[in-house]
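Worksheet: the structure to be examined is printed underneath.
Quick note: the coordinates plus some simple rules give every number you see, no bench work behind them. Bear in mind that the values here come from a model prediction, so they are computed numbers and not experimental data. Glycine gets a Cβ as well: all are built from the backbone with ideal geometry, and neighbour counts include every protein chain shown.
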Amino acid sequence: MNRRLAWLLIWLLFITGCQGFGSSNNGTQIPTLAALSTLEPSPENGPGTPATAKAGPATVPPTWTAPPPVRSATPAVAVSTAPTLTPVPSNTPFPTFTVSATPSDTPQPTATIDITATAMATLTSTPTATLSAENLLPNPSFELGWYHVSGIAELQVPTDWFLGWHEGKNDLDPDPWNRYVRPESRILNGDFLPTDEHDLFIWDGQQTMKVFKRTGALYFWLATNVLLEPGSYLLEINVFPDMVSEYSELGGKVWAPDPLSAELRFIHNGEVGNWIFPWFGQKNNFTYAFQVSESQSVRLGVAFRGRWAILNNGWFFDDWSLRQLFSGP
């Protein structure tokens, strides 16, 4: 036992002299006395044999730098800073117009006409009422010649009739495009119409009257003066509203979709009644009854209006009449 202790002391003195207490030249840490006190016997080497040292607290080097923080393994999600796009606005639809009156299958004046009680009773209550055979209108089917208004070649007007019109401001639509313009007027026979259009526009005799304007809003009137005796009368007109908004690929007419594109009302000295909405693309027939209380010259006719400058704003007229109404057999 004393022998082993002696060898241990010699070994310790040897280490102290050669290495000193600290670390080895190759950087391998040497156990200190405090570490040696923790040695335990190794079962493999027998009692008292240096064994594996218990790990003590780790020594932090003086130049230690804190390691960077541990980053999440999940990649960061990039946040887009691109501006949010504002959707392009769609085309603004044209406004929808409110129609104040819708034409019936058989168009009739929608106005409450200024007729005396006697004339109204004759029309509605007397089953034996008859019309005179004589047509009191001068040049009623526009067959008896025509003239130029103020020498303007584009204005042909039937003899014994006069044509008037508005130009300028359109109170129904302030858009400058829809300002009222002067119409064009023609007296046409079959030579100036396609063969398949003769029956469409000529209803009596060999001629018809056309008043129109391409891409122009119109407000015009056609009237005449007639000397009438006391009595009841019926004015009858036939018109064809040629209101074209576009042409199809095959050249066919596409009628204006809005009923307000064309209107008319009667003239009895001045314009009377409400505006009437005719059917487009076909012949329309309208009548107006009135009474004359004493012999006088009466101005009779029709005012026409096309409030928008559509592709073709046109009218055909033919076969008008004025007949006296009798209540007896």
- Which of the listed residues, Trp308, Pro278, Thr195, is farthest toward the dipole's positive end in the stretch 117-326, when Lys, Arg count +1 and Asp, Glu count -1 at the beta-carbon? Trp308
- Task: Determine which aspartates and glutamates satisfy two conditions relative to Lys213: a Cα distance under 20 Å, and not lying fewer than 8 residues away in the same chain.
- Result: Glu154, Glu167, Asp171, Asp173, Asp175, Glu184, Glu197, Asp242, Glu246, Asp258, Glu263, Asp318
- Note on the structure: Note: Thr215 to Glu271 extended length (0.36 nm per residue) minus current alpha-carbon separation gives 17.6 nm
- Message: Applying a 10 Å radius around every beta-carbon, put 229-239, 167-177 in order of their mean neighbour count, most first.
- Response: 229-239, 167-177
- Item | Per-peptide average of other Cβ atoms within 10 Å, ordering 204-210, 264-270, 191-197 highest first | 204-210, 264-270, 191-197
- Any chance you could run the full-extension gain for Leu227 through Leu250? It's 0.36 nm times the residue separation minus the Cα-Cα distance, nm to one decimal. 3.3 nm
- Item | Ordering of 312-320, 133-141 by burial proxy (mean other Cβ atoms within 10 Å per residue, highest first) | 312-320, 133-141
- Message: Between Phe326 and His198, how high is the FRET efficiency from 1/(1 + (r/R0)^6) when r is the Cβ-Cβ distance and R₀ = 51 Å? Nearest 0.05.
- Response: 0.90
